[in-house]
Structure formats: C-alpha cells, structure tokens
Amino acid sequence: MPFIEPLSDANLERLALEHIVPGLLSHGFYYVDGLLGDPVGGAVLDQVKEMHRSGKLQDGQLAGSAPGIHRRSIRGDKIAWVSGSERGCEAVGFLLNLMDKLVSVCGRRLGSWTIRERSQAMVACYPGNGAGYIKHVDNPNGDGRCVTCIYYLNKDWTEQERGGVLRIFPEGKAGAADVAPLFDRLLFFWSDRRNPHEVQPSYSSRYAITVWYFDSVERAEAKRRFRAIRRRCSRSGLGPG
C-alpha cells in the first residue's frame, strides 16, 4: 500500500478519500507506507530514540487490571505522552499535524462519528526482550475512541528475526491480519470491539507512535459517566478507584 508522492494537500486528500476510507470501510484497517520519506521520518525516529535514551519512557500502565496480575505478562512497553509542541519534538509535531489533516479529510465518510479531538501521542518502545502486548481491544466500553493510528519507526525490520508484528483479528473476517512495524508505515484501524489485536513478542527495540481519535458524542457521554462515578465515590467517602 505505498504512497510516496509529495505530501501536498491534494495528495493528502486523495490518499484519505481513495485509499484510507475505502480500506477502513472494507477491511477495518489500512496502512500507508513511505508516508514521510527518509529525512523527515528519520528525524521523528531520532527524537523518539532521544526520549528513550534520556529516560523519558516509563512502563506502560494497565487500566483496571486484577490484583495479582503482573503488568509485564500483559504489556511490556515503555511509553511517554507528548503533544508534539515540546522542545525536541518538532518532527513528532509535524507528523501529528499530518495525521490530523488525513483524519479531518476522512471526516464523516467513516460513519456517523463526529471527530473533533484526539489523544496526545503515545510514544512507545518495546525493549526487545520478548516483550509484547496480549490480545485486547482499545475501546471495549465506549470511552470515545473510534480510530486508532499508529506510526512505526523501525528501520531494516524483519519480522522473522525480530518479531513484533501487530496481529489484528477483524470482526467477521476469517483468520487474522499481520502488520509488520516497518519504518515510515502509518496504520489506521477501528478502536472498538471490531478489531481485537495483539503485539507479538519483540526481539529488538520496537518504536511506534500511537494516537486515538474520538467521537465527540461518545466521548462526552464517557466523561459524564466518569463524573457521575466520582460524585458517587465522593459521597460515599471512597476514592475514584
């Protein structure tokens, strides 16, 4: 699924409307190779590696895990959340702006969603010690996330030697789809229960940047539920979790 033409607004629109939208609607996921090209993609990689080297990446957290479950048995990545406006994240910010443009063009063509916001970027590294992330769904309970976007940063990656494949189990499809975390590859997929997925064990440092785009209505309802829970906990003298 290559797209190596210059990233003009017209080319971004064509990429979104002729490739990303049909791919998501037909298969539930779609990826683009050669998105930024080596100079810009390499600058993003350099910034992410510097974050890793300087200790800014911390163990990824689990939401609502049961007592006695060891985090590393579920996910073994190290992460940091960035907006892209931080010093030393200029190339990351350029990438995020481009992703925003693509999703904006896709707009309501992806369904009835109203997409007006997204998460910060989650910069992640699987450190190459066999770490992965077990099969899960990004948004199983209606928290507002509708589209997951992952940009991969791994040069000369061979899945046979290094593993680290993202395996997607699209709802209603026979079998699974494997997406290797290749340098300058941008992946889109539905965030809800239609796309359970897992990160298979990685045997070399594996870098990626993930953002989630929100449906405004579902996101507002999720925030309302959370506020209601906090109020109930406050009245009962309990903490929020």
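At-a-glance table
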item	result
Three-way shape call for segment 79-143 based on the alpha-carbon gyration tensor, with the a/c threshold at 1.5	oblate
Long-range HN-HN contacts of ASP184 with modeled amide H, under 5 Å	TYR152, LEU153, ASN154
Theoretical FRET efficiency, 1/(1+(r/R0)^6), r = Cβ-Cβ of ARG230 and ALA176, R0 35 Å, to 0.05	0.35
Computed [θ] at 222 nm, deg cm²/dmol, the chain (DSSP H ≥ 4; -39,500 (n - 2.57); rounded to nearest 500)	-9500 deg cm²/dmol
Among beta bridges that DSSP assigns inside the chain, antiparallel share in %, nearest 5	95
Per-residue HN-Hα couplings for segment 128-135 [Karplus 6.51, -1.76, 1.60; θ = phi - 60°; Hz; x = Gly/Pro]	x, 9, x, 6, x, 8, 5, 4
Electrostatic dipole magnitude of the chain [Cβ: Lys, Arg +1; Asp, Glu -1; Cα centre; debye, to 20]	1440
Surface/4 estimate of mean projected area, convex hull on alpha-carbon atoms of the chain, nm²	14.3
Backbone HN-Hα couplings from phi across segment 200-215 [Karplus 6.51/-1.76/1.60, Hz, Gly and Pro as x]	6, x, 9, 10, 8, 4, 10, 10, 7, 10, 10, 10, 10, 9, 9, 7
Carbon/sulfur fraction of accessible area - segment 124-184, other protein chains in place, 1.4 Å, %	44
Cβ-defined net charge surrounding LYS49, 14 Å radius [Lys, Arg +1; Asp, Glu -1]	+3
Global size of segment 179-241 as Cα Rg and Dmax, reported in angstrom	18.1, 50
Solvent-accessible area per residue for segment 173-232 (1.4 angstrom probe, square angstrom)	45
Relative contact order %, segment 125-238, counting alpha carbon pairs below 8 Å whose residues are six or more apart	41
Relative contact order (percent, whole number), segment 9-216, Cα cutoff 8 Å, 6+ residue spacing	29
Options LEU95, ILE150, PRO196, ranked by Cα towards positive dipole end of segment 9-216, top entry (Cβ charges)	PRO196
Partners for LYS135 among lysines (Cα-Cα distance below 24 Å; same-chain residues under 8 apart left out)	LYS78, LYS173
Signed unit charges on C-beta, dipole axis of the chain, positive-most listed residue ALA16, GLY28, LEU57	LEU57
Qualifying aspartates and glutamates (Cα of each under 16 Å from Cα of LYS223; at least 8 residues distant if same chain)	GLU117, ASP143, ASP215
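The values are calculated or read from the model by the stated rules, or taken from the named source; none is laboratory data. None of the values given here were measured: they were computed from a predicted structure. For neighbour counting, all protein chains shown are included, and Cβ atoms are generated from backbone atoms with ideal geometry for every residue, glycine included. Heavy atoms of the whole protein, side chains included, go into the accessibility calculation; ligands, DNA and RNA do not. Shrake-Rupley method; radii C 1.70, N 1.55, O 1.52, S 1.80 Å.
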